[in-house]
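A.B. asks: I have a structure I would like to understand better, so I am pasting it below and will then ask my questions one at a time.
Nothing in this text is a laboratory measurement; each read-out follows from the coordinates by a stated rule. Source: prediction; values computed, not measured. Note: ideal-geometry Cβ built from the backbone for every residue, glycine included; neighbour counts use all protein chains shown.
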């Protein structure tokens, strides 16, 4: 049955090329959209097309079609709806546009074309999907701060928006902890609670900083990735290797300091 499914399926490389062409056409067409209605219609069409691709492309049984589909939709929502609509700095806009055009097609390109190549391609493929969700989260948070900064929603709704953002971030955290084989235990649920509280408190702190909405979203996800990774290792039987993590955390802290000096302050 697996051989038959593979025989009549869409090749991942062909799906990647088609997706790249569609993204390029969308990038050209997007500036002509003048209302939220057309953005919503465009988003729905892209979701349907991705669903069609996911259905037609062959997946080894060890890989989840739903995980790929969710990552595509969430990434698209974060980068396009939350970032490209609001961003004003041209260099950042062009950089994010390139990310939008290439990232989803690369996720198809990295799909293994057979069971024999699963071990080689599964790790890069899984990490790429995680990176897409991280970009989606950064866009989601930047969108929240953009709506507040442009006063599209009242500032007194900040706490409600932060609770929603922390909830989405926590769900993504659980989604990817499970992807790495972590079981539902008391420590798992306590870690989710800790993730929710840390994200909510960080969102409140970042809101008081004199930074723009794009920088705010990046900073939140920067911190989130670090504690997501530490908690993930803590939930494993082996635990955390602090010798390796000290170097990782020190490197990230240095990059964060450099980033804070480079971003535009209000």
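A.B. asks: For the chain, what does the helix formula give at 222 nm: sum of -39500 (n - 2.57) over DSSP H segments with n ≥ 4, over the residue count, nearest 500 deg cm²/dmol?
C.D. replies: Counting only the DSSP helices, I get -25500 deg cm²/dmol.
A.B. asks: What shape does region 53-211 have by the C-alpha gyration tensor, where a ≥ b ≥ c are the square roots of the eigenvalues, rounded means a/c under 1.5, and otherwise prolate means a/b greater than b/c and oblate the rest?
C.D. replies: Values: a/c = 2.78, a/b = 1.39, b/c = 2.00.
Here region 53-211 falls in the oblate category.
A.B. asks: For residue 204 and residue 225, what does the FRET efficiency come to when R0 = 25 Å and r is the distance between their Cβ atoms, rounded to the nearest 0.05?
C.D. replies: Working from the Cβ atoms, E equals 0.85.
A.B. asks: Taking 0.36 nm per residue of separation and subtracting the Cα-Cα distance, what length does fully extending residue 9 through residue 259 add? Mind showing how you got there, number by number?
C.D. replies: On the way: separation 250, 0.36 × 250 = 90.00 nm, distance 4.45 nm.
Fully extending the segment from residue 9 to residue 259 adds 85.6 nm.
A.B. asks: Then there is this: Test of understanding: ordering 126, 65 by Cβ neighbours within 10 Å, fewest first, what list do you get? Can you show the working numbers first?
C.D. replies: Values: 126 19, 65 13.
Ascending number of Cβ neighbours within 10 Å: 65, 126.
A.B. asks: Compute the Kirkwood hydrodynamic radius of region 157-238, taking the inverse of the mean of 1/r over all pairs of distinct Cα atoms, and give it in Å to one decimal.
C.D. replies: Values: mean 1/r = 0.0755 Å⁻¹.
Mean inverse Cα-Cα distance, inverted, gives 13.3 Å.
A.B. asks: Taking only the alpha carbons of the chain, what extent do you get along each of the three principal axes, in Å, biggest first?
C.D. replies: Per principal axis, max minus min of the Cα coordinates gives 57, 53, 31 Å.
A.B. asks: Which distance in Å, rounded to a whole number, links the C-alpha centroids of region 167-226 and region 229-256?
C.D. replies: Spelled out, the Cα-based centre of one part sits 15 Å from the other.
A.B. asks: Please order 168, 17 by the number of other Cβ within 10 Å, starting at the fewest.
C.D. replies: Details: 168 17, 17 14.
Ordered by Cβ neighbours within 10 Å, fewest first: 17, 168.
A.B. asks: Let a ≥ b ≥ c be the square roots of the eigenvalues of the Cα gyration tensor of region 119-183; is it rounded (a/c under 1.5), or, if not, prolate (a/b larger than b/c) or oblate?
C.D. replies: Taking the square roots of the gyration eigenvalues as a ≥ b ≥ c, region 119-183 is oblate.
A.B. asks: Right, next: Could you order the peptides 128-137, 39-48 from most to least packed, using the average number of other C-beta atoms within 10 Å per residue?
C.D. replies: Descending packing order for the listed peptides: 128-137, 39-48.
A.B. asks: So, one more: Sequence gap at least 6, Cα distance under 8 Å: using those rules, report the relative contact order of the chain to the nearest whole percent. Could you put the intermediate results ahead of the total?
C.D. replies: Numbers: 220 pairs, mean separation 50.7, N = 266.
It rounds to 19 percent for the chain.
A.B. asks: Taking 0.36 nm per residue of separation and subtracting the Cα-Cα distance, what length does fully extending residue 48 through residue 244 add?
C.D. replies: Separation in residues times 0.36 nm, less the Cα-Cα distance, equals 66.3 nm.
A.B. asks: Going by C-beta contacts inside 10 Å, put 199, 185 in order with the fewest on the left. Can you show the working numbers first?
C.D. replies: Values: 199 27, 185 10.
Going from least to most buried by this count: 185, 199.
A.B. asks: State, to one decimal in nm, how far the label point of residue 190 lies from the label point of residue 91, with both points 7 Å from Cα in the Cβ direction.
C.D. replies: It is 4.6 nm.
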